[in-house]
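Peer 1: Here you go, one structure.
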Amino acid sequence: MQTAPLSDAAKQKLNAVLSRYPNAMAACLPALHLARAEYGHLGDDVVKLVADHLALPVAHVHGVVTFYTMFRREPSGQNVLRVCTNISCMLRGGYEILGAVERELGIKPGQTTPDGCFTLIEEECLAACANAPMMICGARYFLDLVPEKMPELLAELRQTPQTELV
Ligand code: FES
């Protein structure tokens, strides 16, 4: 499927970014943030579109997109649950939190619930180690989690989805 071209507003913002970053490679991240705001996820067609706009090799833009977990390659659910299992969270029950979410939603990391409400991502450190275990959903940090509370928390998110920051 052909991706719609960037909107005029996004093109204006992209030109403003390019005026601040004479090196197009340095403009890659802000350009991808713009594309994420425009399209939601960054499939091959969007990666090519950004590469063309920046006159960069598609392989370079693809490499940047696939390096950062904040960029999604596929459409995601309304709530993207980013559960940290890095060292501090792991030591304080991060895998128990991940397991509780998996059981409650019936999905594994990388998957989206059939109703499109939740996408589950297993993350590296999300910089809230002092309050491990933790997860992020949208702009909200959920800290000092315990497995027993996860069903209640997920029910709350089902009622009030937290959209990803763009
Ligand atoms: S290890 Fe989980 S927030 Fe740092």
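Peer 1: Expressed as a whole number of Å, what is the distance separating the alpha-carbon centroids of segment 89-113 and segment 15-77?
Peer 2: Between the Cα centres of segment 15-77 and segment 89-113 lies a distance of 29 Å.
Peer 1: On to the next question. Taking the number of other C-beta atoms within 10 Å as the exposure measure, put R92, R103 in order starting with the fewest.
Peer 2: Going from sparsest to densest Cβ surroundings: R103, R92.
Peer 1: Hey, what angle do you get for helix 58-67 against the long axis of the chain, alpha-carbon based, 0 to 90 degrees rounded to 10?
Peer 2: Tilt relative to the chain: about 20 degrees.
Peer 1: I've got another one for you. Net charge within 9 Å of T85 by Cβ-Cβ distance, Lys/Arg positive one each and Asp/Glu negative one each, not counting T85 itself?
Peer 2: Computed value for this residue: -3.
Peer 1: A further question on this structure: Report ³J(HN,Hα) in whole Hz for each residue of segment 115-121, in order, from the Karplus equation J = 6.51 cos²θ - 1.76 cosθ + 1.60 where θ = phi - 60°; Gly and Pro get x.
Peer 2: Result, rounded to whole Hz: 7, x, 8, 9, 10, 10, 10.
Peer 1: Calculate how steeply helix 28-39 sits against the longest principal axis of the alpha-carbon atoms of the chain, using the helix alpha-carbon long axis, and give the answer as 0 to 90 degrees to the nearest 10.
Peer 2: Roughly 70 degrees between the two axes.
Peer 1: So, one more: List every residue whose amide H lies under 5 Å from the amide H of R73, counting only residues 5 or more places away in sequence or on a different chain, with H placed 1.01 Å from N in the peptide plane.
Peer 2: L42
Peer 1: For segment 1-55, just list the percent of Cα-Cα distances falling in each 5 Å bin from zero outward, please.
Peer 2: The calculated distribution, bin by bin, is 5, 22, 36, 25, 11, 2, 0.
Peer 1: How big is segment 44-86 in terms of Cα radius of gyration and Dmax, in angstroms?
Peer 2: 12.7, 37
Peer 1: Can I ask one more? What does the charge count near L32 come to, summing +1 for each Lys or Arg and -1 for each Asp or Glu among other residues with Cβ under 13 Å from its Cβ?
Peer 2: +4
Peer 1: From the phi of every residue in segment 77-85, what ³J(HN,Hα) in whole Hz does the Karplus formula 6.51 cos²θ - 1.76 cosθ + 1.60 yield, where θ is phi - 60° and glycine or proline is x?
Peer 2: Rounded to whole hertz, the list is x, 4, 10, 9, 8, 10, 9, 7, 10.
Peer 1: Another question about this same structure. Rounding to the nearest 10 and keeping the result within 0 to 90°, find how far the Cα-based axis of helix 44-54 lies from the longest principal axis of the chain.
Peer 2: Approximately 50 degrees, to the nearest 10.
Peer 1: A further question on this structure: Report, in cubic angstrom per residue, the convex hull volume of the C-alpha atoms of the chain.
Peer 2: Cα-based convex hull of the chain, divided per residue, equals 124 Å³.
Peer 1: So which GluC sites (Glu not before Pro) in segment 19-113 are both in a DSSP loop and have at most 14 other Cβ atoms within 10 Å of their Cβ?
Peer 2: none
FYI, it's all coordinate maths here, none of it is from the lab. Here the structure is a predicted model, which means the values were calculated and not measured. Every residue, glycine as well, gets a Cβ built from its backbone with ideal geometry; the counts of neighbours run over all protein chains shown.
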